[in-house]
Structures are given as C-alpha cells and as structure tokens.
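Worksheet: the structure to be examined is printed underneath.
The values are calculated or read from the model by the stated rules, or taken from the named source; none is laboratory data. Here the structure is a predicted model, which means the values were calculated and not measured. Heads up, the Cβs are rebuilt from the backbone with ideal geometry, glycines too, and the neighbour counts pull from every protein chain shown. The area values use the complete protein model at the heavy-atom level, side chains included, leaving out ligands, DNA and RNA. Shrake-Rupley method; radii C 1.70, N 1.55, O 1.52, S 1.80 Å.
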Amino acid sequence: MALIKNNVVFFTSLLILVALFSVAVGGTIHKVGDTKGWTMAGVDYEDWASSRTFQVGDSLVFAYNKDFHDVTEVTHNDFELCESSKPLKKYKTGSDSIILTKPGLQHFICGVPGHCNMGQKLLIHVLPASLGPVAAPVPGPVRSHSLSLANAPQSQHQMAPSSLQSGASKSASWIGFSLLALILAF
C-alpha cells in the first residue's frame with residue numbers, strides 16, 4: 001500500500017514540475033499593438049486582443065514614447081471610467097514587459113488625460129497555463145525491480161497524450177513531456 005502511495009506522490013510531483021517548466025519556458029510574447037505599439041493612432045486594442053489567446057506565463061510588451069504615454073493597470077471599474085488616479089500598477093519606461101502571472105481579466109489604460117477615452121485601453125482575458133498534451137494514466141504491465149517487492153501489489157502507468165493542446169507553449173510542453181517520459185522509463 002505504501003508503494004502505491006509513494007508512486008502517486010512521485011507522479012504528482014513530476015506533473016507539477018512539468019507544468020512549472022512549461023510556464024517558465026513556453027510563454028508567448030505579445031507585442032501590444034504589433035508594429036504600431038502602444039499609441040492612440042490607428043490601433044483598435046479590442047480587436048487586437050480578440051485575435052489572441054493569453055495564458056499565465058505569457059508576456060505583454062508595451063512599446064511607446066514615454067514622453068507622451070504610460071501603461072496603467074487598473075480595476076475593471078476604473079477601466080470602464082478611464083480613471084487612472086488609483087492604479088494597481090504604473091509603468092513608464094517606454095518598453096515595459098509584463099508577465100501574466102494569474103488567470104482572469106486584466107485591464108490596462110494610458111494614464112495621460114484623454115488618451116484612454118480616445119481608445120488607448122486594453123482588456124485581456126488570461127487563461128490558466130497550458131500543460132500541453134493532457135496525459136491520462138493507462139494501465140500497463142506490472143514489473144518488479146526488486147525481489148522484496150515481487151509479491152507486493154504494484155501499479156505502473158503509461159502516458160497517453162490527448163489531442164487537447166495550446167499552440168502557445170507546444171515546444172516547452174513537449175520538452176517537459178519528453179523529460180517526464182524519460183524519467184518514468186527509468
């Protein structure tokens with residue numbers, strides 16, 4: 001019984017490590033406004049955001065002229081009102097990289113008076129990090145590596161990948177999945 005419990009703990013720990021590895025390595029970098037950057041001229045940020053998928057571990061890069069703009073993270077209510085006097089965070093470098101660390105809605109506006117009202121505002125929905133191919137345990141052959149464990153009940157699992165996968169972190173997920181497979185093979 002203790003062997004099964006140890007296998008479950010080991011397997012769970014490995015899945016957590018793979019998930020953390022995928023988030024750390026596999027995040028997508030989104031340049032806000034693409035080539036135009038963070039500006040009032042000719043960018044529909046609602047349209048820009050709707051064509052992308054944002055996940056925990058991704059980064060937003062705001063490129064702008066710091067003499068004329070800033071990036072202000074605000075609450076939903078302040079976003080709707082274009083109110084920048086109570087920022088959650090304020091960025092002013094002209095080249096700000098913001099790592100998305102939690103799922104949910106995030107709201108950004110330009111805090112310069114009038115800019116938000118003219119459309120310089122961004123609302124994104126951040127999804128939880130992708131684990132890449134979702135693996136489900138499939139019963140496999142039972143092997144004994146020790147004579148003392150030969151008569152003990154054992155459980156060994158093989159991994160079967162699912163077709164559900166996000167494109168944002170395919171490479172890192174497959175690296176993590178491959179590492180997991182190698183570890184389980186030994």
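Tell me whether segment 116-130 contains one or more residues that are at pLDDT below 95, open to solvent by less than 80 Å² (accessible area, probe 1.4 Å) and small (Gly, Ala, Ser).
Yes, the conditions are met somewhere in segment 116-130.
Could you tell me which of the residues 41, 49 is open to solvent by less than 80 Å² (accessible area, probe 1.4 Å), assigned to a helix (DSSP H, G or I) and not aromatic (Phe, Trp, Tyr)? Working first, answer last.
On the way: 41 fails: assigned to a helix (DSSP H, G or I).
None of the other options fit; the residue is 49.
Can you find even one residue in segment 18-27 that is open to solvent by less than 20 Å² (accessible area, probe 1.4 Å) and either at pLDDT 60 or above or closer than 13 Å to residue 124 by Cβ (or both)?
Yes, there is a match, as at least one residue in segment 18-27 is open to solvent by less than 20 Å² (accessible area, probe 1.4 Å) and either at pLDDT 60 or above or closer than 13 Å to residue 124 by Cβ (or both).
Which members of segment 75-107 meet the condition of being under 21 Å from the mean Cα position of the chain (by Cα) and under 15 Å from residue 119 (Cα atoms)?
Within segment 75-107, 107 is the sole residue that qualifies.
Could you please give the count of residues in segment 82-133 that are outside any loop (DSSP other than H, G, I, E, B) and among the hydroxyl-bearing types (Ser, Thr, Tyr)? Before the answer, list the steps.
Going through segment 82-133, the residues outside any loop (DSSP other than H, G, I, E, B) turn out to be 89-91, 95-99, 104-109, 121-127.
Subset that is among the hydroxyl-bearing types (Ser, Thr, Tyr): 91, 95, 97.
Result for segment 82-133: 3.
For the subset of segment 58-81 comprising residues that are part of a loop (DSSP other than H, G, I, E, B) and out of contact with any helix residue (DSSP H, G or I) (no Cβ under 9 Å at 6 or more places or on another chain), which member is farthest from residue 124 (Cα to Cα)?
To start, the set of residues in segment 58-81 that are part of a loop (DSSP other than H, G, I, E, B) comprises 58, 64-70, 75.
When the remaining residues are screened for being out of contact with any helix residue (DSSP H, G or I) (no Cβ under 9 Å at 6 or more places or on another chain), the result is 64-70, 75.
Numbers: 64: 19, 65: 22, 66: 22, 67: 25, 68: 23, 69: 20, 70: 18, 75: 12 Å.
Result: 67.
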